[in-house]
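Worksheet for the structure shown next.
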Amino acid sequence: MLFLTLTYIAIAAGGLIALALMILKIGQMIGDCPQSKAAARAAAVTITTGFAAIGAGGVILIGAVLPILRDEPLAALMLALGFAALCLGLGFTHAVATLRAVVSDVMAPAVRPA
């Protein structure tokens, strides 16, 4: 059971870290525009922090269910990893949409004709 739990934590935490780094990279790429530079980078750090905190909590909560399903360890691992991937993916999608909304709000006054 310990191996199962450590495997789950390693894979799920790796996915969480990878997605958090992707949010930062997307914020950096959006921040290359001079008009949205400061807002995009600040928003990326803030959104990534929230995503990492909520994602870590989700990974821990899902991992807490593993001992309940100890009769089928491989099935429990696959179920937990699938659910964690689903939740992290949905959180990532929401985080990127929030980042885009922040940048579009900053860009809106510059785009509108006078």
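Computed from the coordinates by the stated procedures, all read-outs in this text should not be read as laboratory data. Note that the structure is predicted; figures quoted are calculated from it, not measured. Cβ: placed from backbone, ideal geometry, glycine included. Neighbour counts: every protein chain shown.
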It is to be established whether one or more residues within segment 59-80 are assigned to a helix (DSSP H, G or I) and closer than 27 Å to Ala101 by Cβ. yes
Residues (of a type in the set (Phe, Trp, Tyr) and surrounded by fewer than 15 Cβ atoms within 10 Å (Cβ to Cβ)) located in segment 1-54: Phe3
